[in-house]
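Novice: Before I ask anything, let me first share the structure, which is written out below as structure tokens.
The values are calculated or read from the model by the stated rules, or taken from the named source; none is laboratory data. This one's a predicted model, so the numbers in the text were calculated from it and none came from an experiment. Methodologically, a virtual Cβ is constructed for each residue, glycine included, from the backbone with ideal geometry; neighbour enumeration extends over all protein chains shown. Please note that ligands, DNA and RNA were not included when accessible areas were found on the heavy atoms of the full protein model with its side chains. Shrake-Rupley method; radii C 1.70, N 1.55, O 1.52, S 1.80 Å.
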Amino acid sequence: MNAPRAVFAGSGIAVPPLAIDNATFARVLDTSDEWIRERSGIVSRRFVEPGVGSSVLGIEAARAALADAGMEAGELDYIVCATMTPDHYFPGVGTLVQEGLGIPPLPALDIRQQCAGFAYGLQVVDALIRSGLARNVLLVGTDVHSALMPLSPRSWDVLLGHDPGPLDAEELAANSRFRHLVVLFGDGAGAMVFRAEEDSGRGILGAVLYGEGAHKEILHVPGVGSARRPFVSIEQIANADVVPVMHGRHVFRLAVTRMPEATRELLARHGYGLDELDLLVMHQANLRINEAAQKALGLPDSKVHHNIYEYGNTTSATLPLCFHEARAAGKAPPGSLVAFTALGAGLHWGAALMRV
Ligand code: UT7
């Protein structure tokens with residue numbers, strides 16, 4: 001008998017209601033709508049209220065995906081969660097999602113491949129179901145970037161319109177040090193549910209994944225880890241070692257080459273040509289990256305989907321958020337061939353293939 005396949009059963013998303021547009025960012029740092037829009041394609045992003053962690057969005061997206069799949073949470077027998085912004089240093093969000101769904105204990109796995117987390121998660125789900133270890137699996141991608149942003153409570157109040165401002169020149173300059181970073185990211189979550197079914201050609205078909213530590217320093221948080229003792233200190237905070245370091249140009253160059261390479265390799269491995277692909281879901285880090293990747297692959301606009309303009313970069317949530325909305329737009333009907341590709345900190349990158 002053939003191994004069962006991980007067949008897509010439903011998807012759901014959770015985005016906070018609070019949207020902040022580019023012009024509003026100019027209240028707290030030196031930027032403009034024109035710069036952000038031209039360089040990244042981002043128009044607005046969503047932020048949670050203070051104290052709302054990644055698990056809260058993850059649980060909401062999971063509930064929506066389960067409802068879409070027509071599955072009760074109690075039918076799940078495995079949870080895989082991708083996030084780089086867990087509610088706590090430990091534990092991760094896996095067991096928080098299990099608890100939030102109100103279901104009995106089950107394996108709850110956290111994976112942290114940052115922007116490539118969901119693509120890695122698709123391979124994990126595929127392996128769990130093919131091997132017979134699980135039959136109904138929930139895959140969640142959730143990130144709350146607002147917590148990572150080095151803005152003071154006053155700056156947040158001004159940004160959110162609770163305080164008319166203006167900020168003094170010193171605070172404006174301090175915030176502007178991170179302007180290449182904070183305007184790009186947003187909070188959000190997406191989830192997909194998979195069911196074991198007999199092989200009918202549908203389901204996750206495979207993945208091509210890579211990790212390369214040589215590039216670890218182009219995108220990382222220097223502090224808050226076991227390489228420091230204590231793992232976080234006043235000095236680290238004062239030095240901004242708790243804030244991500246991102247060499248944007250370097251990441252950009254790698255993304256525009258490696259995402260198309262991985263997509264080509266994946267399709268070739270499965271015997272498909274680019275013309276047979278119905279939809280490519282790309283990580284939403286920068287519209288310019290995705291336009292270049294689309295061009296490199298020669299794909300028409302109808303075979304890609306973008307929503308970065310509305311949500312910014314939501315890290316591990318971008319792939320399920322984008323897939324869910326592409327599906328709603330009719331771009332991923334049952335039977336369609338969909339590839340997912342992403343690149344992020346680690347360096348981790350790759351692509352995964354699914355027959356919806
Ligand atoms: O999810 C994976 C992780 N991240 C990525 O994939 C990010 C990949 N990289 C990028 O998306 C782009 O490199 C960025 C959008 C981050 C930056 O765009 P860029 O065209 O590479 O700009 P740059 O960093 O070379 O900066 C150009 C100028 C600089 O000013 P000077 O030195 O030319 O005077 C920056 O200080 O733009 C300035 N700048 C800004 N100006 C207004 C940087 N951030 C801002 C800002 N507003 N928010």
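Novice: Tell me which chymotrypsin sites (Phe, Trp or Tyr not before Pro) from the stretch 32-108 have a DSSP coil assignment and no more than 11 other beta carbons within 10 Å of their own.
Specialist: Passing sites in the stretch 32-108 are 89.
Novice: Now for a different question. For the chain, state what percent of all Cα-Cα pairs lands in each successive 20 Å bin, counting from 0 Å until the bin that includes the largest distance.
Specialist: 31, 58, 11, 0
Novice: Something else now. Lysines near residue 295 by alpha-carbon distance under 24 Å, same-chain residues fewer than 8 away left out - which ones?
Specialist: Within the straight-line limit of under 24 Å, residue 295 reaches these lysines: 303, 331.
Novice: Just need log10 I(q)/I(0) for the stretch 5-197 at q = 0.11, 0.12, 0.19 Å⁻¹, Debye formula, equal scatterers on the alpha-carbon atoms, no solvent, rounded to two decimals.
Specialist: Those come out to -0.55, -0.63, -1.16, one per q.
Novice: Next question, about the same structure. Taking all protein chains together and a probe of 1.4 Å, list 348, 270, 145 from the most accessible to the least accessible.
Specialist: From most accessible down to least: 270, 348, 145.
Novice: Can you tell me, using C-alpha contacts under 8 Å and at least 6 residues apart, the relative contact order of the stretch 203-355 as a whole percent?
Specialist: 37 percent
Novice: Across the stretch 132-141, in residue order, what do the Karplus-derived ³J(HN,Hα) couplings come to in whole Hz, using 6.51 cos²θ - 1.76 cosθ + 1.60 with θ = phi - 60° and x for Gly and Pro?
Specialist: Each residue of the stretch 132-141 in turn: x, 6, 8, 10, 10, 10, 9, 10, 10, x Hz.
Novice: Hey, what do the phi angles of the stretch 300-316 turn into as Karplus ³J(HN,Hα) couplings, whole Hz, using 6.51/-1.76/1.60 and θ = phi - 60°, x for Gly and Pro?
Specialist: After applying 6.51 cos²θ - 1.76 cosθ + 1.60, I find x, 4, 5, 9, 10, 9, 10, 9, 4, 4, 9, 10, x, 8, 9, 6, 6 Hz.
Novice: Quick one: with all protein chains in place, what share of the accessible area of the stretch 187-308 is carbon or sulfur, to the nearest percent (1.4 Å probe)?
Specialist: In the stretch 187-308, the share of accessible area belonging to carbon and sulfur is 53 percent.
Novice: Give the ranking of 282, 84 by solvent-accessible surface, highest area first, calculated with a 1.4 Å probe.
Specialist: These residues rank, largest area first, as 84, 282.
Novice: Further question: At 1.4 Å probe size, with no ligands or nucleic acids counted, give the accessible surface of residue 163 in Å², nearest ten.
Specialist: 40 Å²
Novice: Once you charge only the Cβ atoms, +1 for Lys and Arg and -1 for Asp and Glu, what is the size of the charge dipole of the chain about its Cα centre, to the nearest 20 debye?
Specialist: 800 debye
Novice: So what's the back-of-envelope 222 nm ellipticity for the chain, counting only DSSP H runs of four-plus at -39500 (n - 2.57) apiece and dividing by all residues, rounded to 500?
Specialist: After summing the helix terms and dividing by residue count, I get -10000 deg cm²/dmol.
Novice: Quick one: check the C-alpha center-to-center distance for the stretch 1-69 versus the stretch 87-129, whole angstrom.
Specialist: 17 Å
Novice: Residue by residue through the stretch 186-191, what is 3J(HN,Hα) from phi via Karplus (6.51 cos²θ - 1.76 cosθ + 1.60, θ = phi - 60°)? Round to whole Hz and write x for glycine and proline.
Specialist: x, 9, x, 8, x, 9
Novice: Order the following by accessible area, largest value first: 11, 233. Probe radius 1.4 Å; ligands, DNA and RNA are ignored.
Specialist: I get 233, 11, largest accessible area first.
Novice: Scaled to the compact-protein estimate 2.2 N^0.38 Å, what is the alpha-carbon radius of gyration of the stretch 225-356, rounded to two decimal places?
Specialist: Expressed relative to 2.2 N^0.38 Å, the Cα Rg reads 1.23.
Novice: Whole number in Å², please: accessible area per residue of the stretch 5-197, 1.4 Å probe, ligands, DNA and RNA not counted.
Specialist: On a per-residue basis, 41 Å².
Novice: State in Å² the accessible area per residue of the stretch 203-355; use a 1.4 Å probe, count heavy atoms of protein chains only, and round to the nearest integer.
Specialist: Per residue, the stretch 203-355 has an accessible area of 41 Å².
Novice: For a quick check, take a GNM of the chain with Cα springs below 10 Å and name the residue from 310, 38, 60 with the largest mean-square fluctuation.
Specialist: Highest fluctuation among the options: 38.
Novice: Given an 8 Å cut-off on Cα distances and at least 6 residues of separation, report the relative contact order of the stretch 137-206 as a percent.
Specialist: 58 percent
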